[in-house]
Amino acid sequence: MAEFKKVCQVSDLIDNAGIPALLGNTPIALFYVKGQVYALDNFDPIGQASVMSRGIVGSIKGQLVVASPLYKEHYDLVTGQCVENPEVKLAVFAVEVRGAAGEEAVWVAQP
Amino acid sequence: MKIKLIVVGNGMVGHAFLERLVKSSGFHDFDITVFGEESRVAYDRVHLSSYFSGKTAEDLSLVPVGFYAEHGIDIRLNQKVVAIDKHAKTVTTQAGLVMDYDLLVLATGSYPFVPPIPGNDREACLVYRTIEDLEAMKDAAQTSKIGVVIGGGLLGLEAAKALVDLGLESHVVEFAPRLMPVQLDEGGAAVLKRKIQQLGVGVHTSKATKVIEDGEQSRHRLVFADGESLETDFVLFSAGIRPRDELADLAGLVKGPRGGIVINDQCLTSDPHIYAIGECALHDGMIYGLVAPGYAMAQAVVDQLNHKPAQFVGADMSTKLKLMGVDVASIGDPHGTDEDAKSYIYENGPKEIYKKLVVSADGKKLLGAVLVGDTEDYGNLLQLKLNDMALPEHPEQLILPSFSGEKVGFGPDALPLTAQLCSCYDVSKQDLISALDEGATCLADIKACTQACTGCGGCTQLVTSVMNFELEKRGVAVSKAICEHFPYTRQELYHLVRVNGYQTFDELLAAHGEGDGCDICKPAVASILGSVWNAYAFDKKNIPLQDTNDRYLGNMQKDGTYSVIPRVPGGEITPDKLILLGEVAKDYQLYTKINGGQRIVLFGAQLSDLPTIWSRLIDGGFESGQAYAKALRTVKSCVGSTWCRYGIDDSVQLAIDLENRYKGVRSPHKMKMGVSGCTRECAEAQAKDVGVIATENGWNLFVCGNGGMKPRHADLFAVGLDRETLFKYIDRFIMFYIQTADRLHRTSTWLENLEGGLEYVRQVVIEDSLGIAEQLEQQMQALVDSYACDWKRAVDDPEKTKLFYNFVNADLRDPNQVYVRERGQLRPATAQERLESIELDVV
Ligand code: SRM
Ligand SMILES: Cc1cc2nc3c(=O)[nH]c(=O)nc-3n(C[C@H](O)[C@H](O)[C@H](O)COP(=O)(O)OP(=O)(O)OC[C@H]3O[C@@H](n4cnc5c(N)ncnc54)[C@H](O)[C@@H]3O)c2cc1C
Ligand code: SF4
Ligand code: FES
């Protein structure tokens, strides 16, 4: 059973963009798109740096993706799958929003 | 054993022959030696006159550096061939070298004919064929006020343009009763004459020059057969060409009665081992004074050397050109020499447009045409003629303006695959389609793949329309659309934003797009919002649109840290500012470098440190250098008249003023400028989007230069400007670029894709042909007035500084960033160094 940890407030998130956070010792990226929060590994496996949270969010044929800010590969926000390279995938983490209205916090599952 | 092939002459056609041979499969069968009489490898004579508007001898070269060496071709310059022994199969050079051949190709070209007028060898009586001639013209112009061209044909008018560019009062003297007697009829020539006179060039037709003698006010006086005379300092002969066929005499090859080495359809001379191509060759009684037929001959010989049947069966002499800004075209037989031929003429007096069609007796086929003042129909008409296509029922509709009914033309689809689109490089519709098959998607690709449009440029419109049509046919909806979210070009989005007043990406997407946007359209729209409204990149609603560099107002490095580049206008910096940069760099352990843009960059800043670094810099008088933005980067300058003994004007002051005026203006791609204090050009202004060079007569303005992956020399745009005009032109130029360029097109790429090219930009910016100059200036002024330093705004607003953190929930550094000390500074560790876990400096 994955253990959820509180990472930040929903008000810290930026609409349609990502922010960086630490989950235990792992840098993760939190994206906030259309009211939904997505958590992915922040480390760009191709560019080899912790930068995914700074990528641009968008869609390719309806599929929500984030583009690596280094070399512009796209990753599926839901599955972490790299669109350009089937062998590359980012770890994704389950997210829950908990708390009273106005005080909602982002909880992420630690594997 | 390889076949010994000798080529005599390294001019346009000689080189084209080698270029085509190198690409052919049989190339390796030959051992090739080339003799050239000139001191340099082949260059572009067609564009010789651009030498006077800023091009250099290197720009004109047709031979990529190292091309001959790379292909093992032995090229010997400065070596004239003086004899051929066709029995021994040897050539002899002026220096006495004898070399034997199996096959010989003569490509010796022609020389300018100088009429036997007494006095034709006086001082400053010159011809116009080689780069050396250009240099002599430049020298002669320095001591001249008035220049006369003898000969009013195509080359003569081109030469008159050169004299105008050299700053002379210019005249053209023509023996025949009209200009361009070969290509134009009377009506067309009359319109051309009026237009050229309006440009301040004297035109004197029906004038036979009898003698050139001492003048009273000027160096010379031309005395004409009718007793009139004309004073001038400088005479340029352009009275036709004569083939260079001296070698044929010595070798005993058959020549034409009026010169020219006779060749057959295989381009063979009367000796089966000797070919002749280009302007030295006489085919079916014709010497072709244009490059395209020469190229066709070169191709015919290459094909035969590759054992393919090939023939040269004559060539079309249609031409379209711009003479001193006047559009002129001639197709087929414009004189209607065929007795039964019928003609249609359209003349628009006020607009000075003249068009004539010559059609066959049955009205079905086009025989010839003349177009002066408006050559838009050229492509259409030429294709009708070349492909022998049937004319529409009312042929006159082909030349009537479109408001007088539907314009009849034919879609690019009607052209057969064999139709030649570009005659300079013999590019057919099929060639274009093959290039598209290989992945070309825009005109720049087509140019690179096929060389189409890179000669005289006359085919650009046609090539573009066929390309667009073919792309559309492939469902590549001529992907003018920027991405899947907007069915618009960047230019169209720009107009939508400006006209409808959209302030945000979401408004624009809701009204004109679909889906969620992406990393293509979002930054493009962010940049447009910046260009139109000076929208602040760091506004919360704009942040999701920005590339990471714009989002954090710094360039992200490979390890996720950022660079800090403050603006140093004109490269001028005080010692105190240098000390401050040093202190900041030391305190934050930043790697420090003088960068290629004449300023100082600090690398390796943590995201979380950016606001404090910048507030210290701003307190010390710095502002953002916008090195992260698609905007003005630097204005490089030399030291100029303040210190330099050659400086003509204050390049530093101008660079600072330019930088301060245009800083922060968002554009389709980054822009760079340079200012040099004299023609020694220490600031490399001619490699910049906007370059300015001081001269005795004022500032010379250059545009559309580029370093980077595809270097491009800037084009001379205007000369002798005062400050006010200079800024006015630059305002208009930049705004026009911003409005019309595609995303991520530098000014150079923009220009190369722009229909009408430099001349069109000149018309819009200098002559205000679209009537938008004032508007462009106002739009620029609005941007200048609303400028604010990105970083000052960020550090002054706690809501914004709050956004610079490494982790939203921990005040820690990124554990992935590991450093090594090298040459006294820190740099990111390589993957290997991380693995070997050698001693690391962790910050
Ligand atoms: C720092 C610097 C190199 C240096 O250490 O000297 C540099 C660094 C980068 N250049 Fe550059 N260029 C630098 C001067 C140049 C110059 C020289 C100049 O400006 O005189 C050129 C050639 C001139 C030109 O642009 O016409 C140059 C041509 C490029 C190009 C190719 C542009 C092109 O049109 O082909 C790129 C790629 C691009 O922009 O798409 C590029 C892109 C980059 C990027 C942004 C690549 C990237 O995305 O990381 C580098 C950012 C580093 C950083 O953190 O700032 N850089 N770059 C120079 C910064 C100058 C400044 O203060 O603004
Ligand atoms: C100002 C100007 C503008 C022009 N504009 C146009 C235009 O708009 N459109 C167009 O189609 N054409 C134009 N032309 C014509 C075009 O330049 C020629 O058709 C083309 O250069 C012919 O190529 P070629 O190789 O036959 O001759 P060239 O280019 O003259 O080359 C011949 C070379 O052979 C060398 N040579 C001669 N004899 C010997 C020898 N014995 N040994 C060694 N080397 C020798 C010569 O020095 C020369 O370098 C223009 C020409 C000029 C001068
Ligand atoms: S040349 Fe390449 S490596 Fe060097 S700074 Fe420019 S972009 Fe970076
Ligand atoms: S026809 Fe001259 S460049 Fe294409």
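What to note about this one:
- Computed in the context of the full set of protein chains, the accessible area of chain A at 1.4 Å probe radius has 50% of its extent on carbon or sulfur.
- Magnitude of the charge dipole, region B:555-785, Cβ model with Lys/Arg +1 and Asp/Glu -1, debye to 20: 820 debye
- Where only C-alpha atoms are counted, convex hull volume of the protein assembly as shown per residue in Å³: 219 Å³
- Sulfur and carbon atoms: percent of accessible area, region B:112-250 [1.4 Å]: 51 percent
- Considering only chain B, percent of DSSP beta bridges that pair antiparallel, nearest 5: 65 percent
- Among the residues of A:47-55, the average count of other protein chain beta-carbon atoms within 10 Å of the residue beta-carbon is 6.
- The order of A:THR26, B:THR489 by accessible area, most exposed first and with a 1.4 Å probe, is A:THR26, B:THR489.
- Among the residues of region B:533-564, those with an accessible-area drop of 10 Å² or more from chain alone to full protein complex, heavy atoms and 1.4 Å probe, are B:LYS540, B:ILE543, B:PRO544, B:GLN546, B:ASP547, B:THR548, B:ARG551, B:TYR552, B:MET556, B:LYS558, B:ASP559, B:GLY560.
- Percent carbon-and-sulfur accessible area, region B:253-352, ignoring ligands, DNA and RNA, probe 1.4 Å: 50 percent
- With the convex hull of the Cα atoms taken as the outline of region B:158-232, the averaged projected area works out to 5.4 nm².
- Gaussian network model of chain A, Cα within-10 Å springs - most flexible of A:ASP76, A:ASP41, A:ASP15: A:ASP15
- At least 50 Å² accessible surface lost relative to isolated chain, residues of region B:770-814 (1.4 Å probe): B:TYR805, B:PHE807, B:VAL808, B:ASN809
- Solvent-accessible surface of the protein assembly as shown, averaged per residue with a 1.4 angstrom probe and all protein chains in place: 43 square angstrom.
- log₁₀ of I(q)/I(0) at q = 0.13, 0.17, 0.35 Å⁻¹ - region A:1-42, Debye sum with one point per alpha carbon: -0.26, -0.44, -1.33
- Spread of Cα-to-Cα distances over 10 Å intervals beginning at zero, given as percent, for region B:1-85: 16, 47, 28, 8, 1
- Top positive-direction residue, dipole computed over chain B with Cβ charges, set B:SER170, B:LEU835, B:LEU391: B:LEU835
- Cut-off under 5 Å, modelled amide H: who pairs with A:LEU77 long-range: A:LEU64, A:VAL65, A:VAL66
- Solvent-accessible area lost on pairing A with B (1.4 Å probe, both sides summed) amounts to about 2600 Å².
- Ignoring lysines fewer than eight residues from B:LYS593 along the same chain, the ones with Cα atoms less than 28 angstrom from its Cα are A:LYS72, B:LYS558, B:LYS577, B:LYS630, B:LYS636, B:LYS663, B:LYS670, B:LYS672, B:LYS688, B:LYS710, B:LYS792.
- q = 0.09, 0.18, 0.21, 0.22 Å⁻¹, region B:114-239: log10 I(q)/I(0) [Debye, one scatterer per Cα]: -0.22, -0.91, -1.24, -1.35
- Entry for region B:187-273 at q = 0.11, 0.13, 0.18 Å⁻¹: log10 I(q)/I(0) = -0.60, -0.71, -0.85, Debye formula applied to identical alpha-carbon scatterers, no solvent contribution.
- All C-alpha to C-alpha distances of region B:555-785, sorted into 10 Å bins beginning at zero, yield P(r) values of 8, 32, 33, 20, 7, 0 percent in whole numbers.
- The mean count of C-beta atoms from other chains within 10 Å of the C-beta of residues in A:17-24, rounded to a whole number, is 5.
- Dimensions of region B:490-546 along the principal axes, based on C-alpha atoms and rounded to the nearest Å, stand at 24, 24, 16, largest first.
- Computed about the Cα centre, the dipole magnitude for the protein assembly as shown is approximately 1040 debye when only Lys and Arg (+1) and Asp and Glu (-1) carry charge, each at its Cβ.
- Hull-based mean projected area of region B:720-808, where the convex hull spans the alpha carbons, in square nanometres: 8.9 nm²
- Lysines whose Cα lies under 23 Å from that of B:LYS86, excluding same-chain neighbours fewer than 8 positions away: B:LYS2, B:LYS4, B:LYS255
- Stokes-Einstein D for region B:316-410, Kirkwood Rh over Cα pairs, 10 °C, 1.306 mPa s (µm²/s): 119 µm²/s
- Gyration tensor over alpha-carbon atoms, chain B, equivalent ellipsoid semi-axes in Å: 54, 32, 30
- Ellipticity estimate at 222 nm from DSSP helix runs (n ≥ 4, -39,500 (n - 2.57)) divided over chain B, nearest 500: -8500 deg cm²/dmol
- Kirkwood hydrodynamic radius of region A:3-110, Cα pairs, Å: 13.7 Å
- Projected label distance in nm at B:GLN832 and B:ARG723, using a 7 Å step from Cα toward the beta-carbon: 5.6 nm
The values are calculated or read from the model by the stated rules, or taken from the named source; none is laboratory data. None of these values were measured; they are calculated from a predicted model. Reconstructed Cβ throughout: ideal geometry from the backbone, glycine too, with neighbour counts over all protein chains shown. Each accessible area value is taken on the protein alone, full model and side chains, heavy atoms only, with ligands, DNA and RNA left out. Shrake-Rupley method; radii C 1.70, N 1.55, O 1.52, S 1.80 Å.
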